[in-house]
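Visitor: First the structure, then my questions, so here it is.
The values are calculated or read from the model by the stated rules, or taken from the named source; none is laboratory data. Here the structure is a predicted model, which means the values were calculated and not measured. Virtual Cβ from ideal backbone geometry, glycine too; neighbours counted across all protein chains shown. These accessible areas exclude ligands, DNA and RNA; they are computed on the full protein's heavy atoms, side chains included. Shrake-Rupley method; radii C 1.70, N 1.55, O 1.52, S 1.80 Å.
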Amino acid sequence: MDITMDIDLVHKALANPVRREILGWLKTPELYFAEQEHPLDFGVCAGMINKRSGLSQSTASAHLATLQAADLITPKRIGQWIFFKRNEATIQAFLHAINGDL
């Protein structure tokens with residue numbers, strides 16, 4: 001795999017259970033965000049993730065920023081909204097690295 005990844009940032013991002021939960025929701029967004037008005041092909045709107053998490057907007061945004069910094073999610077801006085999807089290439093590269101290292 002030819003994916004550039006900061007494995008320490010990925011570990012840091014995955015160390016928090018809320019961030020792991022967000023990644024789980026984004027794995028099958030149709031189960032967790034079916035009420036989203038925009039197509040899930042765009043990703044999941046940050047507001048929907050915030051609502052589901054029950055956290056303050058600033059705390060949810062900080063978790064999303066950490067996941068984005070680790071390249072575990074990718075943002076897409078459409079109008080005033082930001083949508084997030086899992087970055088499967090980085091996730092697979094991380095799993096491959098872990099399986100090879102341990």
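Visitor: Would you say residue 93 is modelled with pLDDT under 95 and within 15 Å of residue 7 (Cα to Cα)? Even if it seems obvious, please write down each step before you answer.
Guide: On the way: modelled with pLDDT under 95: yes; within 15 Å of residue 7 (Cα to Cα): yes.
When the stated conditions are applied, residue 93 passes them.
Visitor: Can you confirm whether residue 92 is more than 15 Å from the chain's Cα centre (by Cα) and either β-branched (Val, Ile, Thr) or surrounded by fewer than 18 Cβ atoms within 10 Å (Cβ to Cβ) (or both)? First the steps, then the outcome.
Guide: Values: more than 15 Å from the chain's Cα centre (by Cα): no; either β-branched (Val, Ile, Thr) or surrounded by fewer than 18 Cβ atoms within 10 Å (Cβ to Cβ) (or both): yes.
No.
Visitor: Are any residues in region 53-89 assigned to a strand (DSSP E or B), open to solvent by 40 Å² or more (accessible area, probe 1.4 Å), touching a residue at least 40 places away in the same chain (Cβ under 8 Å) and closer than 25 Å to residue 9 by Cβ, and if so, which ones?
Guide: Matches in region 53-89: 85, 86.
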